[in-house]
C-alpha cells in the first residue's frame, strides 16, 4: 500500500488547498481546490475570475472545487447554489465539484479523494486533434459543445484550417455552430485568418 503524502501549511494565491499526489513519472504533483460556499456565489464576477484563474493555472488539469453546502448559522442547505454553480461551470470548465455537507466532514470528503489521486492510472491514448481544438479560436473559452461539434465535422487540425479558410467551409461552420453561441463559428474563423496572416 502506498504511503499517504504529508499535509503542510503554506500561503496559496490561486487556490485554497493543495493535495499532494503521485504522477505517472513518480514526481510529486498537486491537486488544487477552491473552497466555496453559497456566500461566494453571490458575487458571480469575482467567483468566475477565481475559477478561471485556477483552471488556467494548469490548463484545467488537477483542479477542482469543494463546495460547503451547510454554513454555520444558516438554515439553507446550499443545494440550489451548488447546482447553479455546476450548471454555470459546465459549458466552459471541466472540473470536479465535491459537495461538503458540513465543515466537520471535511477530512471524510478529502481523504478518500486524495487516496483515489494516489492510484496511478494506466496511460490512455491522447487524441491530439481533440486536445488542440480549444486553442484554435479567439475570444471566450471554447465550450465543450463547440469542441465536440468541431471534432465531428473536422477530423484533423489541417482539415479545420482548410474549412475555416474557405467560403463554403465558413458557411458550414456558421451553420453547425449556430447554437447555443452563434459567435463560436466566427471565433474559429478569426483564429485561422490570424494564423495565416502571421505566416
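The values are calculated or read from the model by the stated rules, or taken from the named source; none is laboratory data. If you're wondering where the values come from, they're calculated on a predicted model, not measured in any experiment. Cβ atoms come from the backbone with ideal geometry, glycine included; neighbour counts cover every protein chain shown.
At least 2 residues that are touching a residue at least 12 places away in the same chain (Cβ under 8 Å) and touching a strand residue (DSSP E or B) at 6+ places or on another chain (Cβ under 9 Å) in each: list the helices (runs of 4 or more DSSP H) lying fully within the stretch 95-176 that qualify.
106-118
Here are some residues: 82, 93, 67, 106. Which one is surrounded by 13 or more Cβ atoms within 10 Å (Cβ to Cβ), modelled with pLDDT of 80 or more, within 21 Å of the chain's Cα centre (by Cα) and over 30 Å from residue 184 (Cα atoms)? Steps first, answer last, please.
Working: 82 fails: over 30 Å from residue 184 (Cα atoms); 93 fails: over 30 Å from residue 184 (Cα atoms); 106 fails: within 21 Å of the chain's Cα centre (by Cα).
After ruling out the rest, the residue left standing is 67.
Of the residues in the stretch 1-48, how many are modelled with pLDDT under 85 and either more than 17 Å from residue 106 (Cα to Cα) or over 21 Å from the mean Cα position of the chain (by Cα) (or both)?
Counting residues in the stretch 1-48 that are modelled with pLDDT under 85 and either more than 17 Å from residue 106 (Cα to Cα) or over 21 Å from the mean Cα position of the chain (by Cα) (or both) gives 33.
Among the numbered criteria (1) more than 19 Å from residue 187 (Cβ to Cβ); (2) loosely packed, with under 15 Cβ neighbours inside 10 Å, which one does residue 118 miss?
(2)
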